[in-house]
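The values are calculated or read from the model by the stated rules, or taken from the named source; none is laboratory data. The model shown is predicted, which means the values in this text are computed figures rather than measured ones. Note: ideal-geometry Cβ built from the backbone for every residue, glycine included; neighbour counts use all protein chains shown. Heads up: the accessible areas ignore ligands, DNA and RNA and are worked out on the full protein's heavy atoms, side chains in. Shrake-Rupley method; radii C 1.70, N 1.55, O 1.52, S 1.80 Å.
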Amino acid sequence: MNSNSPWLLLWLAILFLRPALMLADSSETEILRSKAILAGDYPDDIRLGAFNDLAWEYYFLNFDSAMHYARNAIALAKRLDDPYWTAVSLEMMAILKDVSGQMEEAINLYLEVIPLRESIGGEGLENTYNNLAVLFRNQENYGKALKYFTLSHDIEQANGNEIGMAGSLVNIASVLVRLADFDSVPNYLHRAVNLSRKLELNTVQSAAYLNFGAYFLERFILDSAQYYYTLGGVLAETINDQGSVATASLGLADINEEYGFNESALKYLEKAELAATKINSLLMLQRVYASRSRIMAALGRYEEAFSCHEKYMSMRDSLTNLDLQRISNELESKYESEKKERRIAELQLVSAQGALREVASRNQRNVMILLSAIILMLAAFWAYRYRAQQKSAVLMAAKNKTIELALKDRETLLKEIHHRVKNNLQVVSSLLSLQGREISDEKALNAVNETRHRVKSMALIHQFLYGEGDLKSIDMKTYVKELSKSLFNAYRVDHDTVELRLNVEDIHLDVDTALPLGIILNELITNALKYAFPDGAEGEIAVSLQVADGALILQVKDNGIGHNGEMNTQESFGHKLLHAFKNKLKATISVSTTAGMEVTYTIRNYKRIWPEPIAS
């Protein structure tokens, strides 16, 4: 797998600067509302909320504008000496510093936020822990990232905040995969998906899908990775989450590169570059240029590859990850040593908070204005709920369409794979046939022909898979009939001389069972045709495949001359094949030569597939 395919970093929108930000989608309406507040005559605490709302909204759209509003928010909060809004504003700036690659400054800001959060009773502390964990994850300091993500999740769970829990579950999963704890990852992500669907959290749902994609890419299960990256990317575009759009595009680029579809990979990298540029994510842009350089080199476009590599190198931080980790450890130790001093300052901050509340109470509107505002807010809330329900229905239809298209693409790809495998096996069979024409030694010629029949039995499996429309199972009744007919034709046996009797249950088996079973049938029927009826003697071959007492019973018998010493011996390749597949299928073999030859396989290790009913 590509070494530059890390567990992609997802900055969840649910880093929760404050409750208002948790509930708001990035939208032009929110931007206009916040700008109207700044243009009007509103109290300072309302203006502070508007500055932070604008910083958050522009984080997805225009990074320079986001920095502008974050600086204004910090200046106003410090002038008012408000610990709550100072913490919110500093944390917004820390997020922007982090995403732009200024990690040391981001760490300083987070450690400045923690005592402010603690001074007001821990309000919002779960968000700060979450964001600090994201930063540690970016540094590849996964032990500390897991520690702070877990602290954040525990607070959210204690508060009964399912929105925060959903985001924390996605983040914990992203770290566990880096710690190689793969068994725990799907559980966390499934819980996150269920919560996000329940609460209609599109950002978290998109992040969970993308982390599923990265998880399967890490395990090199490419079709599942492609499916989840496509789901997450479509949902991210619907909600205009440029960070997740970039993440999905990078993942799909990696998958197409693994498949060898380099031109498709380059198109996804273009999309990732556009999205990463919008949010000024240097980490993602580094990924884009590194991947593009590698693909250009593979295509022989070395000048473009060198140019992309230069861009990648120019974006690297002057500090290595080890330096950043050392600095973060030192800063964290400094925070612990100064904790006692901050406790003393907490009383002063709480006192200042009380004074500000008294000022706010003197500036309250009269009762009638307050009641009017409440009525307007209720009306706006119900209007919002109505629009949200309509939007949810549209999103659900889009998701269903995306899933349908992804499944169709996957089915087409699998059909093409089986078609190519079948064609390749037929080429091998043809090559063996051509080679046989050049062989004069009868024993060698027989070995080549038997190998060709084995190859044809495998090719028949793949022909069924792409030809019958069912990519998961083989119709054994039809397969046994076709395989038997093929062998009779290959050995030029007249059906009037040797009669074939089939008693095959209408059963579908998975490929891992059907393939060895087909080779076993090929060997047993071949032995009967070659040795049971010498000199054109008449007779009968019976093939039975049934399910009984939880086992699959395969029986091939003939009424010929029985074992004559010329059939497969224990040293023959056919005999070795029969016993090798016996072990694979955990089967027992019984042989009877009382009246001809009868071989019975009792198979315990098999997988039956029940065909899905065809819709009328």
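Please determine whether any residue of segment 180-191 is surrounded by fewer than 20 Cβ atoms within 10 Å (Cβ to Cβ), among the hydrophobic types (A, V, I, L, M, F, W, C), at pLDDT below 90 and closer than 18 Å to ARG137 by Cβ. The answer is yes; a qualifying residue exists. Report yes if PRO534 is at negative phi, of a type outside the set (A, V, I, L, M, F, W, C) and open to solvent by 50 Å² or more (accessible area, probe 1.4 Å), otherwise no. So PRO534 passes the test.
Put simply, of GLY121, GLY101 the only residue that is modelled with pLDDT under 90, open to solvent by less than 20 Å² (accessible area, probe 1.4 Å) and on the phi > 0 side of the Ramachandran plot is GLY101. It is to be established whether one or more residues within segment 152-175 are at positive phi and buried (at least 19 other Cβ atoms within 10 Å of the Cβ). Looking through segment 152-175, none of the residues is at positive phi and buried (at least 19 other Cβ atoms within 10 Å of the Cβ). Anything in segment 268-285 that is closer than 15 Å to CYS308 by Cα, among the charged types (D, E, K, R) and either open to solvent by 50 Å² or more (accessible area, probe 1.4 Å) or in contact (Cβ under 8 Å) with a residue 40 or more places away in the chain (or both)? List them, or say none. Residue satisfying the conditions is GLU270 alone.
Listed here are the residues, each with its yes/no results for (1) under 20 Å from THR588 (Cα atoms); (2) modelled with pLDDT of 85 or more.
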{"position": "GLU468", "(1), (2)": "no, no"}
{"position": "SER486", "(1), (2)": "no, yes"}
{"position": "HIS508", "(1), (2)": "no, yes"}
{"position": "LEU517", "(1), (2)": "yes, yes"}
{"position": "ILE541", "(1), (2)": "no, yes"}
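LEU521 passes every criterion in (1) more than 30 Å from TRP610 (Cβ to Cβ); (2) under 43 Å from the mean Cα position of the chain (by Cα) apart from (1).
Results for (1) in contact (Cβ under 8 Å) with a residue 24 or more places away in the chain; (2) in a helix (DSSP H, G or I); (3) open to solvent by 10 Å² or more (accessible area, probe 1.4 Å); (4) touching a Leu at 6+ places or on another chain (Cβ under 7 Å), shown as yes or no for each residue.
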residue	(1), (2), (3), (4)
TYR42	no, no, yes, no
PHE51	yes, yes, yes, yes
TYR58	yes, yes, yes, no
SER65	no, yes, yes, no
ALA70	yes, yes, no, yes
ALA73	yes, yes, no, yes
LEU76	yes, yes, yes, yes
TYR84	yes, yes, yes, no
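The residues on offer are LYS456, LYS481, LYS415, and the sole one that is in a helix (DSSP H, G or I), over 30 Å from SER196 (Cβ atoms) and at pLDDT 70 or above is LYS481. The set of residues in segment 193-243 that are open to solvent by 30 Å² or more (accessible area, probe 1.4 Å), of a type in the set (D, E, K, R) and in a loop (DSSP other than H, G, I, E, B) comprises GLU200, ARG219. Residues in segment 577-616 that are modelled with pLDDT under 80 and of a type outside the set (Gly, Ala, Ser) were compared, and the one that is nearest to ILE525 (Cα to Cα) is LEU577.
Residue-level check: of (1) open to solvent by 50 Å² or more (accessible area, probe 1.4 Å); (2) of a type in the set (A, V, I, L, M); (3) under 30 Å from the mean Cα position of the chain (by Cα); (4) modelled with pLDDT under 70, MET396 misses just (4). Checking ILE74, ILE31 one by one, the residue that is β-branched (Val, Ile, Thr) and modelled with pLDDT under 90 is ILE31 and no other.
Let's see how each residue does on (1) in contact with a Phe, Trp or Tyr (Cβ under 9 Å, 6 or more places away or on another chain); (2) under 18 Å from THR128 (Cβ atoms):
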{"residue": "ALA39", "(1), (2)": "no, no"}
{"residue": "TYR42", "(1), (2)": "no, no"}
{"residue": "ILE46", "(1), (2)": "no, no"}
{"residue": "PHE51", "(1), (2)": "yes, no"}
{"residue": "LEU61", "(1), (2)": "no, no"}
{"residue": "ALA70", "(1), (2)": "yes, yes"}
{"residue": "ARG79", "(1), (2)": "no, no"}
{"residue": "PRO83", "(1), (2)": "no, yes"}
{"residue": "LEU109", "(1), (2)": "no, yes"}
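Note down all Cβ pairs under 6 Å where the first residue falls in segment 211-222 and is within 18 Å of ALA166 (Cβ to Cβ) and touching a residue at least 12 places away in the same chain (Cβ under 8 Å), the second is open to solvent by less than 60 Å² (accessible area, probe 1.4 Å) and assigned to a loop (DSSP other than H, G, I, E, B), and they're at least six residues apart or on different chains. That search, which allows pairs on different chains as well, returns ALA214/TRP7; ALA214/LEU8. Checking each residue in segment 363-389 for being among the charged types (D, E, K, R), modelled with pLDDT of 80 or more and under 21 Å from ASP41 (Cβ atoms) picks out no residue at all.
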